[in-house]
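Presented below is the structure to which this report refers.
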Ligand SMILES: [Zn+2]
């Protein structure tokens, strides 16, 4: 959780509940998401701080449980492999959110996620990796990213490759909106 802003007139902090450090990523889409998050008013009394802490703990626990259920459901649907590189080591896999993360829901929508290994998940979240309407991998390296040839070819190795998707087409991920049109 990070404080990403402060409104002087209303005395409110702007809190980002994600684990992504503000400024980690060059994408303006993520920055916009962070800046449009609801503001949290500065508490006035110790009692109010206590109430806020309790509700924060409950919300955090609910979110963690939901994230665990979401991850399990997505990894099962993708037969425990990274949709990009096919890596099949469950502890190294995670479920990326294709649509912006929302409040915990009862029913997990498989089409709102995609199973990725750690590297491809970070690339996806950083808007370096996406896929087109035919589910082919797209890689877009930011110009400001200074990396060596080895890293560059490692990232580009799967560009154009078709994603490994669940057998049931109704579970395929929703459109990836992370990159500008080709
Ligand atoms: Zn991978």
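For the range 53-83, which residues satisfy the criterion of being over 16 Å from the mean Cα position of the chain (by Cα) and under 20 Å from residue 122 (Cβ atoms)?
Result: 78, 80, 81.
Before we move on, is residue 64 modelled with pLDDT of 80 or more, more than 22 Å from residue 164 (Cβ to Cβ), more than 15 Å from the ligand (Cβ to nearest atom) and in a helix (DSSP H, G or I)?
Against the criterion (modelled with pLDDT of 80 or more, more than 22 Å from residue 164 (Cβ to Cβ), more than 15 Å from the ligand (Cβ to nearest atom) and in a helix (DSSP H, G or I)), residue 64 qualifies.
Are any of the residues in the range 157-164 within 19 Å of residue 70 (Cα to Cα), in contact (Cβ under 8 Å) with a residue 40 or more places away in the chain and touching a strand residue (DSSP E or B) at 6+ places or on another chain (Cβ under 9 Å)?
Yes; the residues of the range 157-164 include at least one that is within 19 Å of residue 70 (Cα to Cα), in contact (Cβ under 8 Å) with a residue 40 or more places away in the chain and touching a strand residue (DSSP E or B) at 6+ places or on another chain (Cβ under 9 Å).
Cβ-Cβ under 8 Å, sequence separation 6+ or interchain: first residue in the range 110-132 and over 21 Å from residue 66 (Cβ atoms), partner near the ligand (Cβ under 8 Å from one of its atoms) and part of a helix (DSSP H, G or I). Which pairs?
Note: pairs meeting the criteria are 129/120.
The values are calculated or read from the model by the stated rules, or taken from the named source; none is laboratory data. Keep in mind the model is a prediction, meaning the values are calculated, not measured. FYI the Cβ positions are ideal-geometry reconstructions off the backbone, even for glycines, and counts take in every protein chain you see.
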